[in-house]
Each structure stands twice: as structure tokens, then as C-alpha cells.
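The values are calculated or read from the model by the stated rules, or taken from the named source; none is laboratory data. What you see is a predicted model; the values in this text were computed from it and never measured. Every residue, glycine among them, receives a Cβ derived from its backbone with ideal geometry; neighbour counts consider all protein chains shown. Only protein heavy atoms, including side chains, enter the accessible area calculation; ligands, DNA and RNA are left aside. Shrake-Rupley method; radii C 1.70, N 1.55, O 1.52, S 1.80 Å.
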Amino acid sequence: MKFTFRVSPNYRDQLSTGRIMRDLTIGLGVIYAFALAYYFTQYSSNYGIHALGLMATSLIVAFLTEVAFAYFTKKKVKTHLLGSYPWVTAIILTLMVPIATSYFALGFGTFFAIFFGKLVFGGFGQNIFNPAAAGRAAMLASFAGVAVTDITTSATPTASIAQLGWMIDKPEAVTKFLDQFGGLQNMFLGLYPGALGETSKVLILVVMVFLIIRKVIDWRIPVFYLSTVFVLASLIAVSKGMGFWYPLFHLSTGGLVFGAVFMATDPVTNPTSASGRTLFAIGLGILTVLIRVKANLPEGVLYSILLMNMLTPSIELLTDGWQIKNVKKYAISFASLSLIGILLVFGVSTTMSYKAPVVPEEPTITLGDPVGIFSDETALAPATVTDKVTEGDIVTLTVSSKGYAVLQDDHSEDPQPNVLIVKIDTVKQEVVSVAYATFSDTTNIGDKTKNAKFLDQFAGLSIVDEAAEVDVVSGATYTSVSVARAVRAAIEAVLAQ
Amino acid sequence: MSIWIGAMQKHLEGHKGLTDHNEIVRVDAGKFVYIPLMSMFSTNIEVLVKEGDSVKVGTMIAKRNDHMTVPFFSSVSGKVVGKQTIMHAVLKPLEHLVIENDGLYEKEQPFSPIDFEKATREELVDFMMNAGIVGCGGAGFPTYMKYKNPQNISTLIINAVECEPYITADYREISNNIDDLVLGVKAMLKLSTAKEAWIAIKSPKKELIAKVRAALVGVSGIVVKEVPDVYPMGWERTLVYQLLKKRYDRLPSEIGCIVNNATTAIAFAKAIRTGMPIVEKTLTISGNGIKNPANVNVPVGVKTAEIVAKLGGYAIEDVLLIAGGPMMGKTIPNDQFVVTPYGNAVTILKTEKIDSVACLRCGRCNDTCPAGLLPVRINNAEQAADLDTIVKLRADQCIECGLCTYVCPSKLDVAEGVRRAKRILQLKKK
Ligand code: SF4
Ligand code: SF4
């Protein structure tokens, strides 16, 4: 017989950290499945495939980083991975980025999250910042603007209201504003483009209930975080004469609900005492509202989580002691923090004002590489002249040229070519002007070629100079070339006379 | 549960079905019994018999006589053989008085029965002291101490909770001795000077509740209180808070109550009626490491090995042999320890591998600690050898209930860390 000695107790709950992570993964999986369904059905398979590619990129980078770390620190790879849960960080990070994010940017963010966000602190359980939040912040800092691919969507509600100074006090403007996103209801359902996993509040809240029941997350954090934002936003609404839509808008926009359920609840980076987690959640709420309305940053949730992560050790010190004797202290801290929040937000709200939307000016464009009018590039997919009118020396040609929409399939139902009007002086043997009759390519990208800076280049080009060339618009090469192609077709039609 | 503090308790899977209805097996003493000479961790005990003396069941063989009085009795008839140091259920080798059993079980009343209604309170306290009535806390706290000087006591709480998993001995003992329970509680009520006695029983124990209620028909001042099936409801502070919603500093008497175990009341009643002390115990021998889990009735001083053998032996080669329940009981590295008047179980579990991972900092231990401590913080401070923080975190208040380890999803020995911190504090004090 062997009588093993072990310290008591010798009885343990079924619940393990592995199971907690599994439940969390399931919850995140549900959110991701919704995102895939949304992009596949509301946009097109290319968007859906990009969403799949993003997840794959992040997972692969996360695992590779961990494996390499295990290898260099001479740890057993399998045990290290099983105790490090890299996939949770990868999934959360992927769900935080918009569909237009490039694989490279996300891969970079993932590496940062896993390596600098977690491993350098000594690994799982030691990190100060939520790794996914750290990774996302690094992406925002390094790729502002250029983290996008050719895939595009319209502006998010958060970015839109940020432009208006986080308030709208004219009722007509409110309806018009909310209608852009299909109204508040639609925003709660998540049927608008935003970060992959952050849009459907309803679904996230359902998953939250599941996670709370399964004891995966502590109810205190999402409940107190969201309530604080709601109360403070209501305060702003009252002091600025805005309606009930305002606090609801705060709840439904951006990554608030996602962050409250999946990131703020990350046990590693929040306090270990119940009272501490309550204070942590209220702090998050206060910071989120302040950052949104005052710093005017769309990512208020992300930065408030990182800031509060930093305060976690101090909160722990504050709540340390014998809990049952500390109740009074906890209540006082709770009350003072709430009061500070109310005063701050009230003070800040007095400085807020509605910024009426400005009519966007002609976007400035930059010109890139040159393209020859008679080069090989314009020889592909030749344009067709559909109409020709001669008035004295001037010939006016209508040319249909296949642009990005047709050649690259921008996923619209029925892609159409661009139609251009090209005027040529047959005596001077040069191009007079080029203008759009119909533009059919991607808004916000291809339409940069409507800019005079680009089109004016054609004026005065010799129609007999084989080396004639213009500079394309950066970021809109396809559409630029399609214009050059139209000009070539027009010139060839005139020369063939 | 509140906003500030977690539940401070937890429902545990009880596995009580293994032993709560099958027959109680009688285990006789073998050739020798070993009476442990220990009371509340003190071994300052005067032995009243010499080698070769003959003794009977009930003969007083030793006595602790310093600031408290605790008599020890023989559980068999036979001859005193001498002293021997063997492992005790508190996981310390201790001196035991060895008695050779003649198998006749001749009895001798060490004191005479008493009519508790006629006796004065002081006589009754003395009686309780001389009868060696001790609590069930594992170390044998003499019960009479609680009644020596009761002041402003309004409620006597009789603890029939039995919250450790696997154990059903108290439940069986109570159901089989309802009349003694009522008698004992009446006598204790008189001792306590309280107006009312509440018998606390877990709400799922419907059968027992009905039985006790039936026996209390016509008895005034004693009522049954149902309490939820959570651990450690049997701990004084948790129980008192559940019933009175009040907390106390050191002793429940500060807020006007005395807490006693139901089995202690029964032992007291038996002494009152028959003039006999505790010489036998009902023990639960359960767990997945033994072939036939059962409750046994066995004389004090019998070795665990003999009981296990009588029940058909161990189920597997490698077991955790636990003196008590799996939460608070200690694993003993051999099966030579004996039945004591204050223990009520041996739990035998398969030794299973535990895969622990890094602390998730989930705070479950903090939310569940019934003492309201912050076990993970204490563990951190202990690892950092940060004495000031350990003091601030009140590691001294840990009751070693084991709940922090139980709930830890990362499967860490959280309670052991707190225990180490507690030991540091104790060493510091000296
Ligand atoms: S063992 Fe001590 S620290 Fe752990 S839960 Fe029990 S009382 Fe609290
Ligand atoms: S329960 Fe375990 S994992 Fe959770 S905080 Fe306590 S020690 Fe850490």
C-alpha cells in the first residue's frame, strides 16, 4: 500500500482554468461567426474571405511567437502553449480590428500583443496590460490610416460623432445622424460596418450572460462599467438638453460592450478582490466617457482599459486587508470615485459644443508613378469610343473604359465601366481636356482621379508623342490607368481618321 | 454575496449517498487499543494508571489538569500495557496509552447519572467537565469551558450541519438518537441561560428535519432552523452569520450566542442518562479509495488499519488517507492512527495527478474565503516574504477550511500558502 502525503484540502472543484478559457473561446467564436455571416451576406465573399484571412493570420502569428519563445527559453512547447492561451488573445485582437485591416498590420499587432504584451512580463498571469489591448494600441500608433487595404466600408458611428464633438443638440440632426447607421436599433443589432466583432451588442450581451452563468467572468465588471457609462452619458445628455438617445448611443457605439465583456474582464489584468473589480469597472466607465468626449479619440474603451490596467496594482493595495472589516472603506472609495466621475464629466460637459458637419473639401491627392499613354499598361483592356463629335478643330469623344469596378470586381452587383469625355485639338495635335461623364469605381478611392490635379495633366499632351505620360494618383492606380486608357483610345480614334 | 465581497461560501458535491443509508457496521477492538494523550494540542497530561493495572470500559485512565480539565477513559476492559508513540490524526506523532483488550467489555461507571432538571447550573457544568465532553473540532475542545461563565447569552445554536463532503456520521448519529439530542439540547439550554435553542440542519436533509421537528412537538424553546447546503456552513462564524446576520470578533458569546455540535449534545445526554463517557464513536469511512464505504461504530483507540480491513480493504494501491473529511482533514502517511473521541471520519481517496497552471488572478479564492481574507494576496506576500503585508492581510484569521484551494481553477495549493504565511506570523509572535 502507498499512502501518499498531500497538503489539504484534497478536494477540488471541476472548474479549471482550461475550461474557463474554453468557454471564453466558444463565446468569442459565436461573435466571430456573426461577423463572418455579416460580411459574406451583406458584402461579398471577398470581404468574408478577408475576415477569415485576418483570423488565420493572427492565430498563426500568435502561435509562432509562443513556440519561438518556448524554444528560446527552453520550455516544453506543448506545456507552454497549454498554459499560455495565445489563441484567446489572437481572437480578441482580430475581433477588434475593422475588416479593412491589412494582414501585415494585424500580424504586427498580434506579435506585439503576445510578445511585448505578455511574454516579456514573464508570461500568462504576469502581464500588466491586457495583451490584445496592447496589440491594438500598437497597431493604432504605427498604422494610423495606412492599416487599410483596398477593401472599404463607410465611416463608423464613433468616428462620425467624434467629428461632431460628441454631441448633437438639434433634434432633426439627431435623426439624420442616426439614420446613417439604420438607427439605434440597428446599431444594437450590429448590422453596420465596424470592428469585426464589436458591432452586435445584442449578441455580445447574450454571450455575456452565458459567461456569467458559467462563472467565466465576474458580473461586476460589465455591469458596473456599462452602468457608469450610461449614467455619465445621461448626465451629459441632461446638461446639454439631449434626449435619451444619447446614453444609448454611447452604449451602442464602438467597442464598449465588447471591451466590457471580453477585455475588462480579463482576470489577469484586473484586481483580484471583488471590491477592487467594482472600483476598476467604475474607473473604466469614467475614463471611457472622458476620453471620448474630451480627448475626442474614437478608441476611448481601448485606452481606458490600458490605463486602468496600469492602476490595478494600486487598487489591489487599496482593497488589501481583511475584507469583512474593510466594507466601510470599500463603500467610501466607491462613493468618492463615483462623485469624482460625476463632477469631472459634468465639468467637461460644459465645455462641449456641437460642431456642425463641414462640407468636405476636395480631398487633396498625391501623385505617384508615371504611366505612359501608349505603354503596355494601357494596352490591356482597351477602351471603346462610343461617340465622336467634330466641331472645327476640336473632336469630342465619349470613351467607355473598364476601371477597377469591372476589372477587379469591387463586389458591387453589376460593375460598370467609367465613361470619360476626351477633347482633342486635331490641328495642334494635342489633348484639350479630359473629364468624367460617369464614374463607376470605388467611392473614396477611385474618385480621387476626379481631382483636377490629376486630370489637368492631360491638357496639352501631344497626341503624336509616343513617350507622353501622366502621373497616377497614389492609392488609385487602377482608376488612373483606366483614364489613361480612355485617352489612348480617343487619340487612336482621332489618328485613325 | 454583496457588491464588495464575494459569496464567502460554496456548495460542494457531498458524495453523501455513499454512506447515508447503508447499515452501520460494528467494528470491535482488536488485541490493543491506543488512547491518545492529547488535548487541544497539549500533551501535559497526567496518567492515572500504571503498567499492569486492569481497567474496564469507562475507567478514567488519564487527566489533563492545568487551566482546563479533560478526563480520558478506557474504551475496553483489560490491562494497561504501557505507552507508545504513534502517528495521530492531527499529523503529529504523539504518546498513546496502550491497553490490552480482554474482549469482555466489562463496564464501570466513572461517574453517576444526573437529573439535569434538579441539578444546579454549576453542578451541571462540573458534570460536563468530569464526563469529558469535548467538541468535534479535531483537537477536542472541552465543552464545559463555553458554559462556565455565560453572560447575556440569548441563543444557543446547535450545529447539526456536517458540511464536509463524504461525512454522514453525525447525520446518522443524530437520526438514531433523536431523543438524546432533545435531552442534551434541553440540558445545554439550561447551562447556557439562553432563552432559545436553534438546531441548524441543512435544508436538503428533509427526513432528518421532519424527525427532529416531530420530536420537538410540545417542547418549548427549541426550534429547527434550516440552513443552505454550502461549505463551510458548519463553521461557527458562517453559521452564526447565516442565522443572525451578525459577525463577532473572537467568540460568539460577544453577540449573545453559544454554538455546540449536535453530536456533543448527544454525548452529553448519554452521560446524563447512563453515567458513561464517550468510549465509542460513529465514524464515516468513505471515498473512492475504499472497497465498501460505510459508517462504523467503533471503540475509541482502534487503529484505522483494523477498520479498513474489516470493511474489505482499500480499492487501490495508492491512496490519500485522510483523517477527517477531504477539505479540512490531513493526509496521514500510514494507517496506524486511531479513533479519537473528537474525530468522525476517515476519507480514503484515489491519488490523482493534479496539473496546475499559473495563477489566473481570477480572485475566486478571495470571493469564496469564508473568513473574508484575500488568499491570493496572502500567497503573493508570502512568496515575496513581505511580512508587513501578511500582517495587514490578517493571515492569522485563516481557519484552514481549504476552500481557496478547492475553488482555484489553476489548481494551486492556495490554502497551503496561507498556512505558511500564518506559520510565519506565529513564529514572529514568539
Ligand atoms: S483556507 Fe484560509 S484562506 Fe483559504 S479559504 Fe479557508 S479561511 Fe480562507
Ligand atoms: S483562485 Fe487560484 S487562480 Fe484564482 S486568484 Fe486565487 S490562486 Fe489565483
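Data table
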item	result
Cα-Cα over 31 Å, subset of A:Lys329/B:Lys190; B:Lys190/B:Lys330; B:Lys205/B:Lys310; A:Lys215/B:Lys330	A:Lys329/B:Lys190; B:Lys190/B:Lys330
Rounded to 5, percent antiparallel among DSSP beta bridges of chain B	65 percent
Kyte-Doolittle mean at least -1.0, axial Cα span of 20 Å or more - DSSP H helices of chain A	A:17-38, A:45-72, A:220-239, A:274-290, A:300-319, A:327-350, A:477-495
Inter-label distance, nm, simple model (7 Å from Cα along the C-beta direction), A:Ser234/A:Leu307	2.3 nm
Size descriptor, Kirkwood hydrodynamic radius, that averages inverse alpha-carbon separations across chain A, Å	25.9 Å
Rounded to the nearest 20 debye, dipole of chain B from Cβ charges on Lys, Arg, Asp, Glu	980 debye
Around A:Ile128: net Lys/Arg minus Asp/Glu count, Cβ-Cβ under 15 Å	0
For region A:117-122, Karplus couplings with θ = phi - 60° (6.51, -1.76, 1.60), whole Hz, Gly/Pro x	x, 10, 5, 5, 7, x
Size of the B/A contact, given as accessible area buried on both chains, probe 1.4 Å, in Å²	5300 Å²
Cysteines having no other Cys beta carbon under 4.7 Å from their own, within chain B	B:Cys136, B:Cys163, B:Cys257, B:Cys359, B:Cys362, B:Cys369, B:Cys398, B:Cys401, B:Cys408
Candidate aspartates and glutamates - alpha carbon under 16 Å from A:Lys240, same-chain residues fewer than 8 apart omitted	A:Asp169, A:Glu172
For region B:364-429, alpha-carbon Rg and Dmax in angstrom	10.6, 34
Isotropic mean projected area of the C-alpha convex hull, region B:283-399 (nm²)	9.2 nm²
Estimated inter-spin distance, A:Ile60 and B:Thr193, nm [label 7 Å along Cα→Cβ]	8.2 nm
For region B:107-185, diffusion coefficient by Stokes-Einstein and Kirkwood Rh (Cα), 20 °C, 1.002 mPa s, µm²/s	145 µm²/s
Hypothetical label at B:Asn292: residues of region B:314-329 whose amide nitrogen lies under 17 Å (7 Å Cα-Cβ projection)	B:314-316
Over the protein assembly as shown: Rg over Rh, Cα atoms, Kirkwood Rh	1.18
Ellipticity estimate at 222 nm from DSSP helix runs (n ≥ 4, -39,500 (n - 2.57)) divided over the protein assembly as shown, nearest 500	-12000 deg cm²/dmol
Positive-end residue, chain A charge dipole about Cα centroid, Cβ charges, pick of A:Ala356, A:Ala173, A:Pro157	A:Pro157
Cβ-derived FRET efficiency at R0 60 Å, A:Ala452 paired with A:Arg19, nearest 0.05	0.45
Residue pairs, from the table B:Lys202/B:Lys291; A:Lys328/B:Lys392; A:Lys325/B:Lys202; B:Lys107/B:Lys281; B:Lys16/B:Lys206; B:Lys148/B:Lys202, whose Cα atoms sit over 20 Å apart	B:Lys202/B:Lys291; A:Lys325/B:Lys202; B:Lys148/B:Lys202
Extension reserve of the B:Asp28-B:Gln109 stretch, reckoned as 0.36 nm per residue once the Cα distance is removed	27.1 nm
Peptide B:364-376 - average C-beta neighbours from other chains (10 Å radius)	4
Förster radius 22 Å - calculated FRET efficiency between A:Val209 and A:Phe40, Cβ distance, rounded to 0.05	0.25
Partner aspartates and glutamates for B:Lys270 [C-alpha distance under 13 Å; skip if fewer than 8 residues away on the same chain]	B:Asp115, B:Glu173, B:Asp179, B:Asp180, B:Glu280
Cα-Cα P(r), region B:121-274, percent of pairs per 10 Å interval	11, 45, 38, 6
Peptide-level mean, for A:322-334, of C-beta atoms on other protein chains within 10 Å	5
Net dipole in debye of region B:121-274 [+1 Lys, Arg Cβ; -1 Asp, Glu Cβ; about Cα centre; nearest 20]	340 debye
Positive-end extreme of charge dipole, region A:37-151 - chosen from A:Thr101, A:Gly117, A:Ser84 (charges on Cβ)	A:Ser84
Aspartates and glutamates whose Cα lies under 13 Å from that of B:Lys31, excluding same-chain neighbours fewer than 8 positions away	B:Glu100, B:Asp102, B:Glu306
Tally of Lys pairs whose C-alpha atoms are under 17 Å apart, taken over region A:367-495, 8 or more apart or cross-chain	4
Most positive-pole-ward Cα, B:Cys398, B:Ile378, B:Gln426, against dipole of region B:364-429 from beta carbon charges	B:Gln426
With DNA, RNA and ligands ignored, accessible area of B:Asp355 (1.4 Å probe; Å², nearest 10)	110 Å²
Shielding of B:263-274 by partner chains, average beta-carbon count, 10 Å	0
Positive minus negative residues near A:Ala383 (Lys, Arg vs Asp, Glu; Cβ under 9 Å)	+3
Of B:Lys225/B:Lys246; B:Lys303/B:Lys429; B:Lys92/B:Lys428, those spanning more than 25 Å from alpha-carbon to alpha-carbon	B:Lys303/B:Lys429
Computed magnitude of the charge dipole of the protein assembly as shown (debye, nearest 20; Cβ of K, R +1, Cβ of D, E -1)	4380 debye
Equivalent ellipsoid semi-axes - Cα gyration tensor, region A:367-495, angstrom	23, 16, 13
Spin-label model distance (nm) - A:Thr79 vs B:Thr69, 7 Å beyond Cα toward Cβ	5.9 nm
Efficiency of FRET between A:Thr351 and A:Gln416 - r from beta-carbon atoms, R0 45 angstrom, step 0.05	0.40
Percentage relative contact order, chain B, counting C-alpha pairs under 8 Å, at least six apart	18 percent
Candidates B:Asp335, B:Asp126, B:Asp249: whichever shows maximal mean-square fluctuation once chain B is modelled as a Gaussian network with Cα springs under 10 Å	B:Asp249
DSSP beta bridges in the protein assembly as shown [antiparallel fraction, %, rounded to 5]	75 percent
Area of B:Leu412 that stays accessible when all protein chains are in place (1.4 Å probe, Å², to 10)	50 Å²
